[in-house]
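Please read the structure below before turning to the comments.
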Amino acid sequence: MLHSELLEIDLKYHVLILAAIVLLHCSSAFVVADTAPFEVIKVTPVAIDDEFKNHTSPEYEKAFAERTSQIIRTATRQEDGSFRKVYDNTYFENEKRSYPDAMFHILAGDSAAGLKVLQAPDEAAKSSNAHTLGIDLYPAFTLKGQVRKYFYFGSKLEPAYRERMKQAITIWTKTDPRTTPSPLYQKFNPKIEGWGPDRFGNRQVDSRNTDNLRAMRDIAIYLFAEEAGNRQTMEAAKKDIIFYVQALYSVGMGEWDSDTYLCHSFAPYLSLYDFAKDPQMKRVAKAALDYFSTAAALKYHAGVFSGPEKRDYGNGYRLAAGSGFGKFFSIYFGQFAQSDRVKEPDLIHAITSAYRPPAAVLALAERKFDRPVEVLGTKPVYENWKDGARDRPGYFETLFFAHTYDLGSIVSPTGDGDTGPFRMTAASTQFGAEVINASSRNKLNEKFSGDQIGQYRNLILWLRPTDKAGQFTFFLPKSAAIETKDGVQFIKTEKTWLAIRPINLGSASPTKMDEKATAEFNKKYPDSQLVSCSNGDGAYAGFAMEVGELPQSFEEFSAAIVSKSKLDLADLSRGKVRLTGADGRYVEMIHNAAGDLPVLDRNGIVRRWDAQESLKLWQTVGDTPLVSLGWKEGTLKVSADGHTFESACDSTGEAKFTDR
């Protein structure tokens, strides 16, 4: 199924052009029009029947179109208004940048330049891609772009090129490319490094199995096999996609809430939603997108990533939508703090898709619900498709939403690389939100073995066996005021206050870094700072933290902490600590030296890690029915700002929705 012709215009003249749309092969079209500088560029997405839509208001669609226009301009224009050169690298998976860039240019009116890149000969056209007529169908990131190129922008392609693509996908999906050897390389070659077909010659497609790469690969195989009429391959891919989406609703996402990769999983499911002919697969795609949207909304604080995550590469500590997560989901959730929106390649899929998150999920992202409120949850182990991986969760999460801040943490039995176990965001007029983070080392994006965190609402206990070589490091806004009263370290941000009590830690001082590391940090995080505390001589080290906010003033908060809050370290030698907050509520933790989960008493209620109630993927504490999804139950519910949404997907691929 190919989409209609695009009217070419040159935006720099700002001329109002009325276009007649010529429909070719399908019922949807896309148009670009611009009437004056900074007015809206109209992009008409793929036509989707109402039964598959989450309905939004005209006001929301107007704001969405305005954000879209700004993204397209930022992606394609130089400061003087002229078009930038289209990125044109076709080596291996570089199309993850070149194809979206070309598509942005087509939407902006620079059609000839964009189409030239979309139809450029691939770097490996005469070698590893010769069997697919020079069309690169191997790297997962390239496949993501190939799908939207063929189905959405296909009507703009030269007829001969479009036909060659049709022949290529027919050849490629005649048998399952995941199990069909490359005609050039034939076998797996362990002596070669990397992920290319020269190493994985025993298959014709990228074999990596992260959540986002599986989505790109399996969805491309499904859609191209469906288009080519290769039913056996289509059914194999369909089965695997349904298995994955059902797992989302059963045990969760292995690559959970990644500020780097969540949008990479989201984008291919937009293509499945837009282009699948089978209504069942459209519903399955919508179920996945609704789940991803909910996960994103819980971690979205005015364009800044908030809370713990798996596959944390440090990008989420950037402010004002500085990460891929912030750039991508700001098109749906808004509240972006700065006007100059930096492009994110995956946005081309959101801009040209008809999908919108449910109204209740949008309200969740905008924090339009009664606060403060706490949400408890679980996350699966990373490779959750393997045998035994779905027996119990790998992580237990606590999220607390106050009026001016979000606060989140996880506990897990072991250490884990590229996992951010803790993160807080505090409201900021300039940035939307500012990031506050901590680590028991000088590396923020790792959950270190021995680290155990106990959270109850705005109270945090962090404890680990003392390591003389280690140090506790705090990532703070550069603008934060820091002062000490009665042994308590107070941190004052614009609207949010922190009281940190050290546990067997030395005094805080700027983190020592060499000249190169300092320059890199200042470039990546120009509005943040690092402060460190060395470990003392006791058996355990860590800190206790209490958070306050407006309308209570900082002076009132600090006075209440000094006079009313209490940290009990009488049993620290056996790893037991209790923090009683200024309001009388407490959290108590006993560190589990065996490396398992700690004993956690939250104001008289012990968190039973193995109880069925504790296994839920999301559950709201108290009477507020904000968000819920049971462990292996399959029904997601979100209620916010007067909107209620339910989404479900079972093992047969039966997906159902209720939106009111």
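The values are calculated or read from the model by the stated rules, or taken from the named source; none is laboratory data. Keep in mind it's a predicted model, so treat the numbers as computed, not measured. Cβ: placed from backbone, ideal geometry, glycine included. Neighbour counts: every protein chain shown. When the accessible area is computed, the model is the full protein with side chains, heavy atoms only, and any ligands, DNA or RNA have been set aside. Shrake-Rupley method; radii C 1.70, N 1.55, O 1.52, S 1.80 Å.
Below is a table of values for the structure above.
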read-out	value
Nearest-ten-degree value, helix 159-172 long axis tilted from longest Cα axis of the chain	60
Accessible surface, per residue, of the stretch 604-660 when the full set of protein chains is kept, probe 1.4 Å, Å²	53
With Cα atoms, 0 to 90° folded angle of helix 95-108 axis to the chain main axis	70
Extension gain (nm, one decimal) between A47 and E556, 0.36 nm per residue minus Cα-Cα	177.7 nm
Anisotropy class of the stretch 44-163 from Cα gyration tensor, a/c 1.5 cut	oblate
Principal axis box of the stretch 517-660, alpha-carbon based, largest edge first, Å	58, 41, 37
Estimated translational D of the stretch 144-285 in µm²/s (Stokes, Kirkwood radius over Cα pairs; 4 °C; 1.567 mPa s)	81
Taking only Cα atoms of the stretch 404-508, radius of gyration then Dmax in Å	13.8, 40
Degrees, to the nearest 10: 279-299 long Cα axis against longest axis of the chain	30
With every protein chain in place, the stretch 47-87: carbon and sulfur % of accessible area (1.4 Å)	50
Solvent-accessible area, 1.4 Å probe, carbon plus sulfur percent, for the stretch 96-201	56
Net charge dipole size for the stretch 511-604 [Lys, Arg +1 and Asp, Glu -1 on Cβ; Debye, nearest 20]	160
Convex hull volume per residue in cubic angstrom - Cα atoms of the stretch 127-184	77
Whole-number Å³ per residue for the convex hull built on Cα positions in the stretch 237-372	118
By average C-beta atoms within 10 angstrom, highest first, the peptides 228-241, 250-263	250-263, 228-241
Accessible surface of the stretch 511-577, 1.4 Å probe, proportion on carbon and sulfur as whole %	51
Sequence ranges 616-628, 80-92, ranked by mean other-Cβ count within 10 angstrom, highest first	616-628, 80-92
Nitroxide proxy distance, nm - points 7 Å out along Cα→Cβ at K564 and K62	4.5
Computed over the stretch 425-478, Cα set: Rg, Dmax in Å	13.2, 40
Cα extents of the stretch 186-250 along the three principal axes, largest first (Å)	38, 31, 13
Rounded if a/c under 1.5, otherwise prolate or oblate - the chain, Cα gyration tensor axes	prolate
Coordinate range along principal axes, alpha carbons of the stretch 248-310, Å, largest first	37, 24, 15
Reachable lysines from K632, criterion Cα separation under 27 angstrom, eight or more residues apart if same chain	K53, K238, K239, K282, K286, K299, K310, K379, K386, K447, K616, K656
Förster-model FRET efficiency, 45 Å R0, T624 and D537, C-beta, rounded to 0.05	0.50
Gyration tensor verdict on the stretch 602-660 (Cα atoms; rounded if a/c is under 1.5, prolate if a/b is larger than b/c, oblate otherwise)	oblate
Cα-Cα P(r), the stretch 332-396, percent of pairs per 5 Å interval	3, 11, 12, 13, 14, 16, 20, 7, 2, 0
Compactness of the stretch 379-431 as Cα Rg over 2.2 N^0.38 Å, two decimals	1.48
Selection of chymotrypsin sites (Phe, Trp or Tyr not before Pro), the stretch 94-185, meeting DSSP coil and at most 15 other Cβ within 10 Å	none
